[in-house]
Amino acid sequence: MKYIVCEQPGQFRLGEKEPPVAREGEVLVDIKRIGICGTDLHAFKGNQPFFTYPRILGHELSGVVNTVNSISATVKEGDRVVVVPYVNCGECLPCRNNKPNCCAKLKVLGVHTDGGMQEQISVPAELLIPVNDLSLDEAAIIEPLAIGAHALFRAKILDKETIVVIGCGPIGLGIMKLAQVLGNKVIAIDVNADRLAYARESIGIEYTINALEDPLEQVKDLTNGDLATAVFDATGNKTAMESGVQYLAHGGQYILVGLFKGDLQFNHPFIHAREASILCSRNATFTDFHQVIDVLYEKNFPVDSYITHRAPFDRMIDHFNGWLEPENGVIKAMVTLGD
Ligand SMILES: NC(=O)c1ccc[n+]([C@@H]2O[C@H](COP(=O)([O-])OP(=O)(O)OC[C@H]3O[C@@H](n4cnc5c(N)ncnc54)[C@H](O)[C@@H]3O)[C@@H](O)[C@H]2O)c1
Ligand SMILES: [Zn+2]
Ligand SMILES: [Zn+2]
């Protein structure tokens, strides 16, 4: 079977190898879609410090079950499935406390171990969710959207809140749309006018603010001076992350979804007076996956607008460099195998 390996930063290779065999407890899946995300782009560029090479990337995966070798599997041959790429240990304290998304020994397929840029992959049966009523494209965007669902879960956002989401990348857009579907008023902030326009026009986010144009005043105007009950950072940018607290109402919550690899600073009296809750949100749980699946079943997410670029598996290497260029307007690039 064919596979694509990232040999070292800047170098992919399309190769052939023996297909995997489903061991006891595993299910062999024919991969059909591989969503590309920031992690893959960073791994390719070589600025993902914990990455080791060679590595088969790909953690946003959908496919069709080929062979089941597990008596406890909830999927059967021919089922369309989404792969949950988080392999937790099941034994550490967070796993025992029902927080497997931040397992102390977490391994993510396509990040810490080989992922889905291959025609077939064999995975533990419990990592698969059947999604026969979703398209393969829909199934492949469940993972990045589940990151947003988890962030909303962390903040216990229900409905009728006014929230600010900073960062209109694939992660921020997911948070925004899911919050909007739940019935909240969503204010999007970014420094990139094209992405703000995309959030408005393609994703349907009503209120957008350019962070370079007095954003605090604009958030005040949109909230009758109350500010936001929850602010989400989906930038990973130090300046944005440190200034995000300014949009918080007293008693509000600040949820850090973006990842900045360094120290952040907040003025303590400022966050103390607000009794601010500052939370991090990492990965997602099965509950978050199921929440996204429900939203997709209801056709409440603009899947076609979210997937901006596509390439067949055999031609991915030619397209990948273009997906790194901001001027190409990539939100979600999708690699396809078969129909
Ligand atoms: N919590 C998790 O488990 C998880 C999972 C996946 C990704 N992430 C992180 O989420 C973040 C977002 O991911 P993405 O793929 O959407 O990234 P992205 O780079 O595509 O989007 C980030 C957006 O933030 C905007 N931005 C940058 N600086 C800004 C500033 N100062 N003010 C306002 N906006 C600014 C950019 O213009 C861009 O549109 C990254 O840090 C990523 O590592 C976290
Ligand atoms: Zn991803
Ligand atoms: Zn664990």
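Its residue count N fixes a reference of 2.2 N^0.38 Å for segment 244-292, and the Cα radius of gyration divided by that reference is 1.39.
Name the residue farthest towards the positive end of the dipole of the chain from the options I278, A104, A179, assuming +1 on Cβ of Lys and Arg, -1 on Cβ of Asp and Glu, about the Cα centre. With unit charges placed on the Cβ atoms, the residue in question is A104. Entry comment: accessible area of segment 61-126 is 46 Å² per residue, from protein heavy atoms only and a probe of 1.4 Å.
Each peptide among 82-89, 280-287, 302-309 gets the average number of other Cβ atoms lying within 10 Å of its residues, and from highest to lowest they stand as 82-89, 280-287, 302-309. Taking the charge dipole of segment 147-280 about its Cα centre, with +1 at Lys and Arg Cβ atoms and -1 at Asp and Glu Cβ atoms, the residue from A240, P170, Y198 reaching farthest to the positive side is P170.
Distances between placed amide hydrogens fall under 5 Å for E119 paired with K2, all partners being 5 or more residues away or on another chain. Normalised per residue, the accessible area of segment 147-280 is 46 Å², obtained with a 1.4 Å probe and no contribution from ligands, DNA or RNA. Among the GluC sites (Glu not before Pro) in segment 45-117, those placed in a DSSP loop whose Cβ has at most 14 other Cβ atoms within 10 Å are E77, E91. Between the amide H of E60 and those of G35, distances stay under 5 Å, these residues lying 5 or more places away or on another chain, with hydrogens modeled in the peptide plane. Using every pair of separate Cα atoms, the Kirkwood estimate puts the hydrodynamic radius of the chain at 20.6 angstrom. In summary, the lysines within cross-link reach of K2, defined as a Cα separation below 18 angstrom excluding same-chain residues under 8 places away, comprise K17, K32. Taking θ as phi - 60° and the Karplus parameters 6.51, -1.76 and 1.60, the scalar couplings of segment 4-9 work out to 10, 10, 8, 5, 6, x Hz in sequence order, x denoting glycine and proline.
Convex hull volume of the C-alpha atoms in segment 105-181, normalised per residue: 152 Å³.
Peptide packing for 243-254, 65-76, 141-152 was compared via the average number of neighbouring C-beta atoms within 10 Å per residue; ordered from the highest value, the list is 141-152, 243-254, 65-76.
Ligands, DNA and RNA left out, the 1.4 Å accessible surface of the chain is 49% carbon and sulfur atoms. Across segment 1-154, the convex hull enclosing all Cα atoms gives 119 Å³ per residue. For segment 1-84, the calculated P(r), taken from all Cα-Cα distances in 10 Å bins from zero up to the bin holding the longest distance, is 16, 40, 31, 13, 0 percent.
Taking the average, over residues, of other Cβ atoms within 10 Å as the packing measure, peptides 33-45, 170-182 rank 170-182, 33-45 from highest down. Note on segment 147-280: percent of Cα-Cα distances in each 5 Å bin, starting at 0 and stopping at the bin with the largest distance, equals 2, 11, 24, 26, 23, 11, 3, 0.
Placing one equal scatterer on every Cα of segment 299-339 and applying the Debye formula, the log10 ratio I(q)/I(0) at q = 0.22 Å⁻¹ is -0.73. Looking at the chain, the DSSP beta bridges with both ends there are about 55 percent antiparallel.
The values are calculated or read from the model by the stated rules, or taken from the named source; none is laboratory data. Values in this document were obtained by computation on a predicted structure and should not be read as measured data. Using ideal geometry, Cβ is built from the backbone for each residue, glycine included, and neighbour counts are taken over all protein chains shown. Surface areas here come from the heavy atoms of the whole protein model, side chains and all, with no ligands, DNA or RNA. Shrake-Rupley method; radii C 1.70, N 1.55, O 1.52, S 1.80 Å.
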